[in-house]
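Visitor: The structure follows.
Just so you know, all these numbers are worked out from the coordinates, no wet-lab data involved. Keep in mind that what you see is a predicted model, and the values were worked out from it rather than measured. Neighbour counts run over all protein chains shown; Cβ positions are idealised from the backbone, glycine included.
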Amino acid sequence: MDSKIQKEIRDSFTAYLTEKKLRKTKERYAILEEICNFSEHFDIITLHQRLLTANFHVSKATLYNTVDVLTDAGIIVRHQVTTQLVQYELRRLADSHLHLICMKCSSVRELKNAHLKGLIHTLKTPRFTPVFHSLYIYGLCARCKNKQQKELNKRNK
């Protein structure tokens, strides 16, 4: 990620922490920095592993609390992909694509569609001011669809 954008995100986080009278700890900033290194969705486990790989040890409680603070600050977006699977991404990235979610294997694919994005921005929403959007499209990925088709063919023989 561009260092200028990363600085803007860090400054926004600092302003939020100041406004809410929350502590500005090295752990919170390390977690934010690692999140800025993701170019796609991530989950808590992956984030924790990457921090450990970078030799930065942080408790899972601190990690969950910081992710909650970053979500409240509007810096990251929480995606409840399935009842078991929660993923996150920088809000800056979330506005640029749609999410295709396989109902069988829970894989998430991103789709950039400028036409659809433009349509969403032109929606008239009385007495409501949209800040950002996220669109989920549920279906079957090609791998699961092929598996399903093979199983169906076996049953029909």
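Visitor: Using the Karplus curve 6.51 cos²θ - 1.76 cosθ + 1.60 with θ = phi - 60°, what ³J(HN,Hα) values do you get for each residue of region 140-157, in whole Hz, with x for Gly and Pro?
Guide: Result, ordered by residue: 10, 6, 4, 4, 5, 5, 5, 4, 4, 5, 5, 4, 5, 5, 5, 5, 7, 7 Hz.
Visitor: Using amide H atoms built 1.01 Å from N in the peptide plane, name the residues 5+ places from Ser107, or on other chains, whose amide H lies under 5 Å from its own.
Guide: Answer set, sorted by chain and number: Cys102.
Visitor: I need the phi-derived Karplus couplings for region 115-125: 6.51 cos²θ - 1.76 cosθ + 1.60, θ = phi - 60°, integer Hz, Gly and Pro marked x.
Guide: 5, 5, 4, x, 4, 4, 5, 8, 4, 8, 10
Visitor: Nearest 10 degrees is fine. How inclined is helix 26-36 to the longest principal axis of the chain, computing both from alpha carbons?
Guide: Once rounded, the angle reads 40 degrees.
Visitor: Right, something else. Residue by residue, what Karplus-based ³J(HN,Hα) values in Hz, rounded to whole numbers, does region 2-17 have, using 6.51, -1.76 and 1.60 with θ = phi - 60° and x for Gly and Pro?
Guide: Along region 2-17, the couplings run 4, 5, 5, 5, 4, 5, 4, 5, 4, 5, 5, 5, 4, 4, 4, 4 Hz.
Visitor: Order of Phe128, Phe56, Phe38 from fewest to most other C-beta atoms within 10 Å? If you can, show how the numbers build up before the last one.
Guide: Numbers: Phe128 7, Phe56 14, Phe38 17.
Ordered from fewest to most neighbouring Cβ atoms within 10 Å, Phe128, Phe56, Phe38 come out as Phe128, Phe56, Phe38.
Visitor: Expressed as a rounded percentage, what relative contact order does region 3-156 have, with Cα pairs under 8 Å and six or more residues apart?
Guide: On the way: 141 pairs, mean separation 26.4, N = 154.
Reported as a whole number, the value is 17 percent.
Visitor: Given charges of +1 on the Cβ of Lys and Arg and -1 on the Cβ of Asp and Glu, with all other atoms neutral, how large is the dipole of region 22-62 about its Cα centre, in debye to the nearest 20? Write out the running numbers ahead of the final one.
Guide: On the way: 6 positive and 5 negative charges, 59 e Å.
Computed about the Cα centre, the dipole is about 280 debye.
Visitor: What fraction of the DSSP beta bridges in the chain is antiparallel, stated in percent and rounded to the nearest 5? Write out the running numbers ahead of the final one.
Guide: Working: 10 of 14 bridges.
Percent antiparallel among DSSP bridges in the chain is about 70.
Visitor: Order these by the 10 Å Cβ neighbour count, fewest first: Ile31, Ile76. List each step's numbers first, then the result.
Guide: Numbers: Ile31 23, Ile76 26.
So the ranking, lowest neighbour count to highest, is Ile31, Ile76.
Visitor: Quick check on the chain: helices-only [θ] at 222 nm, where DSSP H runs of length 4 and up contribute -39,500 (n - 2.57) each and the sum goes over total residues. Nearest 500, please.
Guide: Working: 7 runs with 78 residues, N = 157.
-15000 deg cm²/dmol, from helical runs alone.
Visitor: Also, I was wondering about something else. If you bin every alpha carbon distance in region 70-157 into 5 Å steps from zero, what whole percent lands in each bin?
Guide: Reading upward from the zero bin: 3, 12, 18, 17, 18, 13, 8, 5, 4, 2, 1, 0.
Visitor: For Ile76, what residues show an amide H to amide H distance below 5 Å, using hydrogens built from the backbone and excluding near sequence neighbours?
Guide: Placed amide hydrogens put Thr71, Arg91 under 5 Å from Ile76.
Visitor: Let me ask you something else. Over 22 Å apart: what share of the alpha carbon pairs of the chain falls there, rounded to a whole percent? Write out the running numbers ahead of the final one.
Guide: Numbers: 6462 of 12246 pairs.
Pairs farther apart than 22 Å: 53 percent.
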